[in-house]
Structure formats: C-alpha cells, structure tokens
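> Take this structure first; my questions come after.
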Amino acid sequence: MEYKVVPFVASIDPKKGTSDHVAEQLESLIKNFTNQGWKYVRLESVSTFVHPDDGCFGFGAKPGYTTNSQMVVFQK
C-alpha cells in the first residue's frame, strides 16, 4: 500500500469567510487527489516544536514555540 501526505492550510477572508469556505477548499483538495487515483483516508493534526534561536550575542534571540499543521492522508 502506498501513502501520500499533503499539507492543508485553508485561506479565508476574515470578514466574509465562513467554515463553508474552509470545507470547500478541503473538498477541492480531496477531489483533486481522487482524480489522480488516490483515496482519502483522514485529516491529521501534527504538532511541531520549533527550537529557539539564540541570535547573535543574544541580540535578536527568539524563544521556541509549538505549531500545529493539518495534513491530509491519502492511500493507493
């Protein structure tokens, strides 16, 4: 069995966008890969820790943080 994992980042206008717009974007992504012979499996959330940046001599230092990404899983 073969798997493909694709990042999913929805983009909406904060004044006019709704959850329906997000659903349409996800649906479009799924249809695109289905047309290429892939079968949708699920949407996964992946947490990633970004290490702190010490900067140069402490100037411009940035603390570490955790970020979440949505990944769409397909299989063949």
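> Once you order the gyration tensor axes a ≥ b ≥ c over the Cα atoms, which shape class does the chain get: rounded for a/c under 1.5, otherwise prolate or oblate by comparing a/b with b/c? Before the final figure, lay out each step's value.
Details: a/c = 3.79, a/b = 1.71, b/c = 2.22.
It is oblate, given that a/c is not under 1.5 and a/b is not larger than b/c.
> Tilt of helix 19-35 relative to the longest C-alpha principal axis of the chain, in degrees (0 to 90, nearest 10)?
That works out to roughly 60 degrees.
> Mind listing which trypsin sites (Lys or Arg not before Pro) in the range 11-68 are in a DSSP loop and have 14 or fewer other Cβ atoms within 10 Å? Intermediate results must be reported in sequence, preceding the final value.
Details: sites: Lys15, Lys16, Lys31, Lys39, Arg42; in loops: Lys15, Lys16.
Here the sparse-neighbourhood loop sites are Lys15, Lys16.
> Another question, if that's okay. Among the GluC sites (Glu not before Pro) in the range 1-72, which ones are in a DSSP loop with at most 16 other Cβ atoms within 10 Å of the Cβ? Mind listing them? Mind showing how you got there, number by number?
On the way: sites: Glu2, Glu24, Glu27, Glu44; in loops: Glu2.
Passing sites in the range 1-72 are Glu2.
> If the reach is capped at under 22 angstrom between alpha carbons, list the lysines near Lys4, excluding any in the same chain fewer than eight residues apart.
Within the straight-line limit of under 22 Å, Lys4 reaches these lysines: Lys31, Lys39, Lys76.
Coordinate-derived values only; no laboratory data. Source: prediction; values computed, not measured. Every residue, glycine as well, gets a Cβ built from its backbone with ideal geometry; the counts of neighbours run over all protein chains shown.
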